[in-house]
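Report on the structure given below.
The values are calculated or read from the model by the stated rules, or taken from the named source; none is laboratory data. Since the structure is predicted, the reported quantities are computational estimates derived from the model, not experimental observations. Cβ atoms come from the backbone with ideal geometry, glycine included; neighbour counts cover every protein chain shown.
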Amino acid sequence: MSDINLNAPKLFDLDGHIAIVTGAGSGIGQRIAIGLAQCGADVALLDRRTDDGLAHTAKHIEAAGRRSIKIAADVTSKDSLADAVARTEAELGALSLAVNAAGIANANPAEDMEEDQYQTLMDINLKGVFLSCQAEARAMLRHGRGAIVNIASMSGVIVNRGLSQAHYNASKAGVIHMSKSLAMEWVDRGVRVNTISPGYTATPMNTRPEMIHQTKLFEEQTPMQRMATVDEMVGPAVFLLSGAASFVTGVDLLVDGGFCCW
Ligand SMILES: NC(=O)c1ccc[n+]([C@@H]2O[C@H](COP(=O)([O-])OP(=O)(O)OC[C@H]3O[C@@H](n4cnc5c(N)ncnc54)[C@H](O)[C@@H]3O)[C@@H](O)[C@H]2O)c1
């Protein structure tokens, strides 16, 4: 027993951490932002939404007894991201955690897809994650510590049957491999980078027209016979960001109810 550190901090404890979450005004990003606060972090909430999405997230964080700030910004703008990180550090403290969940989805047969539809999605889902990681890591590398989780998708691993979304699938495969690459660039400077790849998850994203009629089918195709709830994305995110994952970097954690096994 003598080599066991009994004074180690509690696993999954995020007390004293300052986090930024993109896409924090809805769905997976919103729920994870609240989950980080429930585990002790203060959280900067970033989204381009102008409705009450961020206010809703902030209300829950306040109820958890933690601080938050709301930042209206677009992840395709590197200047806005630099400002967001600077504001986070000025108002909350040194940034140590980040979850990049901002993303969009749509579909179109490849032979009909206009360049604009392809490019807009790639700019948000892939370049937006790169620019977010870059802005966040610039601060974390200065402090010599940090952990980043990027929300990819099982669509970065498999092709969703019945959905014509080559651009989306490619963007998510890109997020997974880009995250591994960043993990290796920063591996010896205290910054870990991992991805979570959700399966079908009940969020507003899945109310888009091409999904509504497919929801039942998706549930049947998932070995667990249901979609994930956003609550079920919190544990994996907290694990990857916390000291419990101190030796975990460059990993893609599938949270898909077994989908990719079949
Ligand atoms: N819902 C699913 O089944 C599912 C499955 C796998 C992966 N994902 C991924 O999870 C992430 C979150 O999706 P969700 O289902 O919670 O969707 P959602 O639409 O509920 O939330 C996405 C949020 O990102 C924000 N956003 C979009 N573009 C932005 C931009 N340019 N700048 C700033 N904010 C922006 C939106 O305003 C929105 O609040 C996405 O990356 C998505 O691809 C979702």
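When R192, R145 are checked against the criterion of being basic (K, R) and crowded, with 23+ Cβ neighbours inside 10 Å, R192 stands alone in meeting it. Considering P204, P209, the condition of being at pLDDT below 95 and touching a Gly at 6+ places or on another chain (Cβ under 8 Å) is satisfied by P204 alone. Restricting attention to region 62-93, the residues that are within 13 Å of the ligand (Cβ to nearest atom), assigned to a helix (DSSP H, G or I) and of a type in the set (S, T, Y) total 1. Taking the listed residues S26, S96, the one that is buried (at least 18 other Cβ atoms within 10 Å of the Cβ) and within 16 Å of the ligand (Cβ to nearest atom) is S26, with no other qualifying. Filtering region 99-126 to residues that are among the charged types (D, E, K, R), in a helix (DSSP H, G or I) and more than 10 Å from the ligand (Cβ to nearest atom) leaves E111, D112, E115, D116. Can you say whether E111 is within 25 Å of S155 (Cβ to Cβ) and acidic (D, E), as far as the supplied structure shows? Judged against the criteria, E111 is a match.
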